[in-house]
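Data first, discussion second: the structure below is written as structure tokens.
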Amino acid sequence: MTGSSFATRIGLLLTALTVLACTLVTALNYLKFERLLLIQHQRMFTTIGADLVDTFERGMNIGVRLADVPGAQSLLDRAFGRDVDLQRITVADAGGRVLFDTERVRIGDAAAPALLPAGTTRRLARFGGLDWIGMPVVNSFGQREGSLLLGYGRAGIADRLTAVALAMAGPGLTALAIGLPLAWLAIFLVARPTRALFAQLAGLLAGGGAPATEEAMLQGLREAIHRHGATLDDAERQLEAIAARAPERNA
Amino acid sequence: MISTEHIVRRLVRNLSIIAALVLLGTVVAVSFAALGAFDREVRPAIEREAAVIGVVVANPLERALGLGIPFDELVGTSEYLADMAASQPAVAYLVLTDLAGQPRATAGPAAASFEPLVPPAVLPGDGMLRRALPGIYETAVAVAAPGGRPQGWLLVGVSRAAVDGVIEDTSWDLVIVLLVAVMLAMELLRFVIDRTVIGPLSMIERMARRLSAGDCTAQAVTGATDEAGAVARAVNALVRRLGDRWAYLEWLAAEAASAGGRAAREAAAVLDGLHDRLRFRDGGAVPEPLAGSASAARLPLFLFVVAEQLSTSFIPLLGRDLARGAPPFLSPDLLAALPISAFVAAVALATPYGGRLTARRGPRGAILIGGGLAALGYLGAALATELLPFAAARVLCGIGYAVLTIACQAQMALAARQGRLARSLGGFTGAVMSGAVCGTAIGAVIADRLGYAATFVASVALVVVVMLVALRAIPRGLAEAGAAAESVLAGARAAFGNARFTALLLLAAVPAKVVLAGVIFYLAPLALRDLGESQAAIGRNVMLYGLCMLPAITLGGWLADRVRIGGGLIWGGALLNGAALLMIPILPEAVALPIAIAVTGAAQGLASAPMLAAAAATGSGSTPLLLSFLRLGERIGSVIGPFAAAWLLTRGDTVWAMGVLGAVTALAGLAYAVVQQAGRRAAAMGSAP
């Protein structure tokens, strides 16, 4: 039997489906875990930001403006060390001008409008490769005095995601490495009777002997081939006998 | 005697088991690894959050200590901790203890589950203690005046609930992916085995029958490189050998005839004798025309239904989102129904035209046209930012759905082997139901992770695959003779002029869909909710319908073909369905409802394939048109169902309404039995000498 077997096609199909299913499960799990960590990460930095906002608001309660809160810059510098993923903390006034910043060179610049909270609602944004939380700083009269912008990275998450991806990939690949060869073996084993049927058919049609099985179609085909062969042999013998006779004399 | 059918059946069964086992093994391995990794990796992240919360919460306490207030005299700590715990959704508890671990103040929803801490003699480098308690990760932060020695501990317990939720979610995802993968594997296996084993074997059987009858005018179609291709080439070589020998004998007869008149007569007699037993075609044998198979239509149908159902779970939500820009006097909730209604109306109205298109262009042409329209619709839906363009896109999807499904159904009817019409057409309902289950389940997951637009793009990709499969697997043409001249109106006149078809439609098909939409999708969920069942339990109960229907479809098709009791299954199914619904007012509702839903699924499943076969066999018009009118009737039944149920609800409770619909179904079944019996009598009298 030349060429690939139908069992090969079925094996390839099953391989593709299994790899697809495993990839799908891995991708879904990865995305789910990523979302879980992102939410948790955001919650953590929101806690840090809310604490800072609270400190600024308490500072203003003694009657000073946001720009005049005592020790504001050193407060930001101290808070900056609370987590390794924390990249930048900025305090801007109501007009969006930077008053305090962990990157001091930015003081006096305009904060990116996309990061500033809308009214008294927090704003979440991804900007310049960082995740940002924009929180309003409100004075004791309920007026927005400015905003606290907290930018953080995803390095901590990335490490965990890589670890999860590797943890899934390892057993997944092992399962595929064990399962797929076994599946191929099983496919070829269960395909054997069908392949044998095809082989017997091909052999029979090519003029081979009697089929090994009593399959009705094979027996019928064999009988037909022999019958037609015998019919043609018989006709050939008769015609050769006619041709071998001496030419008839014309009347 | 070993039959080819036996070998093939065993092959299909064993391959299905292997596919299911391999998919199950690998997917479960990946998922278990994922769950383990979640557990391992999420703990440091939660502890990190707990540490941040601890530092923030401890800060005012430390300032107070720094001002010289002794630890034991700190006041208002319980209130403060309660405020802080309330502002942090992840916090399970906050506990302030002294250095010996004795609690001084506690707060938080899980404060009762706090277990006393025994501080170790040597503290870790960062000065924080960490431990895992059931459902909680705890971090203890030392409380000290700035620059001073620790005077107590603040214990922050962060709940694992979010992680546990994800793990539970993952388990459901695992079930969904497995279900979809196994169903997809079964459909693809069916397709590949049909093309590589069943189809070629049936072709070889046909060739063997031809050869046995001495017909050497046809060749097998070669092209495959596998075993089937080798056998086809061997068949053709045999036909060619026989043809060559025939040519030689013709030549020999001509040579013999040159010997004289008697020799010519004798040679001609020999050839005539051969002609009686063997038939050859002048110019050599030609390939046998391809007929295509039912499986060739089943896979495109399955994939198309998956494509359509991917968006089922979010279409109302997307509709409502898009409707927000509408004028204020129009309710977004009302407008959200527009895309759904537009789709359903397009499907219903386009179905007869889909039937006509199929009759004129053949199933392959109709699938390509329907697929093209649907793909455009999905693309439009992905790009739509307003409600009206979105509804227009859904109209295109509906037209495509109508054309493509009827084309696949027609292909199944055309390709059905002798005596297998019901089983073949039963495959239609099976493919639609499997596709619906897979599409809805996986669509919700894709939409959740990748968004609505990406899900519509996935539908476009699937429809392209559908079109490619149809191009490859379904032969060109097969349009019905005379179909080009038959308009939808003429077809409708012919179909509805046939009493058998009209009775089938009005007494069996429409009532079945009224029950499906009115009872299973409308009344049963209401009744179950009134019984106090949860949403998940209601979903599980409704799912019983599909679970019982799928095997019943196969059984119904088999019984109709083998035992020839298709008509009996149709009216018997209706009676059974009616009896199950009439049982609800008699038995306790909690028991009767699941039984009625399951029996309805089984009864409608049993009748489904015989109904399609009966419609196709009425013979009054083209098969695709007849099937399309049947589908149109079913859709009308689906629309009537909820309205009928709602109207009945205004006159009684859900149990009463279900009982009434059951009685109507049973009466319709009885009426169909009477019509069928009358038709049989009339046919018997017509055929009597």
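The values are calculated or read from the model by the stated rules, or taken from the named source; none is laboratory data. The shown structure was predicted, so the numbers you read here are calculated from the model rather than taken from an experiment. When we count neighbours, we look across all protein chains shown, and the Cβ atoms used for this are built from the backbone with ideal geometry, even at glycine. Protein only, heavy atoms only, side chains kept; ligands, DNA and RNA dropped before computing areas. Shrake-Rupley method; radii C 1.70, N 1.55, O 1.52, S 1.80 Å.
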(request) Go through B:185, B:112, B:140 for me and flag whichever is small (Gly, Ala, Ser), open to solvent by 10 Å² or more (accessible area, probe 1.4 Å) and modelled with pLDDT of 80 or more. (result) B:112
(request) Output the residues belonging to the stretch B:674-689 that are surrounded by fewer than 18 Cβ atoms within 10 Å (Cβ to Cβ) and among the aliphatic types (A, V, I, L, M). (result) B:674, B:678, B:682, B:683, B:684, B:685, B:688
(request) State which residue is surrounded by the fewest Cβ atoms within 10 Å (Cβ to Cβ) when the search covers only the stretch B:253-273 and only residues that are within 7 Å of chain A (Cβ to nearest Cβ) and of a type in the set (D, E, K, R). (result) B:262
(request) Pull up the stretch A:1-34, narrow it to residues that are of a type in the set (D, E, K, R) and facing chain B (nearest Cβ under 8 Å), then point me to the one that is nearest to residue B:32 (Cα to Cα). (result) A:32
(request) Output the residue which, of all residues in the stretch B:657-681 that are of a type outside the set (A, V, I, L, M) and over 32 Å from the mean Cα position of the chain (by Cα), is nearest to residue B:596 (Cα to Cα). (result) B:676
(message) Taking the condition of being crowded, with 20+ Cβ neighbours inside 10 Å, under 23 Å from residue B:11 (Cα atoms) and facing chain A (nearest Cβ under 10 Å), how many residues in the stretch B:199-236 meet it?
(response) 13
(request) Out of A:37, A:66, A:124, A:99, report the one residue that is within 14 Å of another protein chain (Cβ to nearest Cβ) and at negative phi. (result) A:37
(request) Taking residue B:23 as meeting all but one of (1) out of contact with any helix residue (DSSP H, G or I) (no Cβ under 8 Å at 6 or more places or on another chain); (2) at the interface with chain A (Cβ under 9 Å from one of its Cβ atoms), write down the number of the exception. (result) (1)
(request) May I ask you to list the residues in the stretch B:539-564 that are of a type in the set (Phe, Trp, Tyr) and either in the same structural domain as residue B:440 (by TED's automatic domain parsing) or surrounded by 19 or more Cβ atoms within 10 Å (Cβ to Cβ) (or both)? (result) B:545
(message) I want to confirm something. Restricting to the stretch A:78-93 and keeping residues that are surrounded by 14 or more Cβ atoms within 10 Å (Cβ to Cβ) and charged (D, E, K, R), which single residue is nearest to the chain's Cα centre (by Cα)?
(response) A:85
(request) Quick one: count up the residues across the stretch B:73-108 that are hydrophobic (A, V, I, L, M, F, W, C), farther than 20 Å from residue B:46 by Cβ and open to solvent by 10 Å² or more (accessible area, probe 1.4 Å). (result) 5
(message) Going residue by residue through the stretch B:148-167, is there one that turns out to be acidic (Asp, Glu) and under 31 Å from the mean Cα position of the chain (by Cα)?
(response) yes
(message) Name the single residue that is surrounded by the fewest Cβ atoms within 10 Å (Cβ to Cβ) among those in the stretch A:204-239 being modelled with pLDDT of 85 or more and among the acidic types (Asp, Glu).
(response) A:233
